[in-house]
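Everything below concerns the one structure shown next.
The values are calculated or read from the model by the stated rules, or taken from the named source; none is laboratory data. Treat the numbers as computed from the prediction; the structure is a model and nothing was measured. Every residue, glycine among them, receives a Cβ derived from its backbone with ideal geometry; neighbour counts consider all protein chains shown.
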Amino acid sequence: METLMKRATIDQIPSGNWRVRIRQTDGSRISLGGTFKTKEDAQQALELAEARRLIEAARSVTDGDGPLFAPYATHCIDEAELRPRTKANYHSLLRTALADFRDRPIQTITPSDMRMWWSDQGDHPTNRRNALWLFRKVVAMAIEDGFIERDPSLSKSLRGGAAHKPRPGFTEDQFLTVIEHVEPIYRVPLLVAYSAHTRLGELLGLNEEDYNRGLLHG
């Protein structure tokens with residue numbers, strides 16, 4: 001759902017006052033309140049209306065125990081400035097990796113629940129990591145809205161994921177062997193990158209002033 005800010009236009013009418021008009025889903029437009037003496041007054045009225053709408057939207061996804069995770073998370077995702085594909089990915093995580101919490105009031109989710117969930121998702125480390133990131137974003141919004149006081153996922157056991165494989169070594173002899181098989185035009189850049197441990201962007205950013213008598217200065 002688009003925010004009011006995106007669906008609104010502020011324009012000046014013949015009397016010199018300003019008005020705010022909101023585009024509806026059917027394409028029609030309605031005025032927000034009356035008219036305003038200045039454009040700044042109209043902008044403030046629009047921002048206030050948007051704040052009230054967000055509060056009502058948050059209340060609409062709660063039950064007696066507070067906001068349910070899935071509808072509240074859906075609300076957070078839909079209100080965020082995200083690309084359509086990103087939103088689709090987040091909604092997919094809600095349906096799959098975070099399905100255990102869908103119908104749970106957020107404040108009833110405990111650190112113990114999160115540790116159990118983390119363990120159960122161990123076969124899918126990438127999805128688990130992405131889902132945890134989304135969970136924490138939703139919980140941060142719930143904290144900001146005053147529904148809960150603490151993130152239940154802030155546990156030392158919810159870190160990392162699959163063990164990282166050690167990076168393969170690359171000895172100087174191996175590097176020199178590679179250099180012998182590349183075109184001469186690439187040898188100097190590769191030697192600089194290897195010797196100075198530069199990244200590609202740093203390598204491409206070098207110029208003549210970075211060298212002094214053949215030595216590269218940081």
>> within 24 Å of SER155 (Cβ to Cβ) and either of a type in the set (A, V, I, L, M, F, W, C) or assigned to a helix (DSSP H, G or I) (or both): is that true of LEU82 in this structure?
In response: no
>> Please go through region 26-50 and give me each residue that is more than 33 Å from the chain's Cα centre (by Cα) and surrounded by 15 or more Cβ atoms within 10 Å (Cβ to Cβ), ordered by number.
In response: THR35, PHE36
>> Can you confirm whether ARG128 is outside the structural domain of GLN12 (by TED's automatic domain parsing), on the phi < 0 side of the Ramachandran plot and at pLDDT below 90?
In response: no
> Only one residue in ALA42, ALA51 is part of a helix (DSSP H, G or I), modelled with pLDDT under 90 and under 24 Å from LYS137 (Cα atoms), so which one is that?
Replying inline: ALA51
> Residues of region 105-120 being surrounded by 19 or more Cβ atoms within 10 Å (Cβ to Cβ) and without any contact (Cβ under 8 Å) to a residue 40 or more places away in the chain, which ones?
Replying inline: TRP117
>> Checking the conditions here, which among ALA140, ALA97 is closer than 14 Å to PHE69 by Cα and without any contact (Cβ under 8 Å) to a residue 12 or more places away in the chain?
In response: ALA140
>> Looking at ILE185 and the list (1) modelled with pLDDT of 85 or more; (2) assigned to a loop (DSSP other than H, G, I, E, B); (3) exposed (fewer than 10 other Cβ atoms within 10 Å of the Cβ), which single condition is not satisfied?
In response: (2)
> Just checking, which of PHE147, PHE175 is at pLDDT below 85 and among the aromatic types (Phe, Trp, Tyr)?
Replying inline: PHE175
>> Kindly evaluate SER112 against the criterion of being part of a loop (DSSP other than H, G, I, E, B) and farther than 19 Å from HIS75 by Cα.
In response: no
>> Among the residues that make up region 11-25, is at least one of them assigned to a helix (DSSP H, G or I), among the charged types (D, E, K, R) and either modelled with pLDDT of 80 or more or surrounded by 11 or more Cβ atoms within 10 Å (Cβ to Cβ) (or both)?
In response: no
>> Being out of contact with any Pro (no Cβ under 6 Å at 6 or more places or on another chain), small (Gly, Ala, Ser), modelled with pLDDT of 85 or more and closer than 30 Å to ARG104 by Cα: is that true of SER153 here?
In response: yes
> For residues in region 200-218 being loosely packed, with under 10 Cβ neighbours inside 10 Å and part of a loop (DSSP other than H, G, I, E, B), which is modelled with the lowest pLDDT?
Replying inline: GLY218
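Given the criteria hydrophobic (A, V, I, L, M, F, W, C), part of a helix (DSSP H, G or I), modelled with pLDDT of 70 or more and touching a Ser or Thr at 6+ places or on another chain (Cβ under 7 Å), does VAL192 qualify?
When the stated conditions are applied, VAL192 passes them.
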> Which members of region 121-137 meet the condition of being out of contact with any Phe, Trp or Tyr (no Cβ under 8 Å at 6 or more places or on another chain), assigned to a helix (DSSP H, G or I), charged (D, E, K, R) and without any contact (Cβ under 8 Å) to a residue 40 or more places away in the chain?
Replying inline: ARG129, ARG136
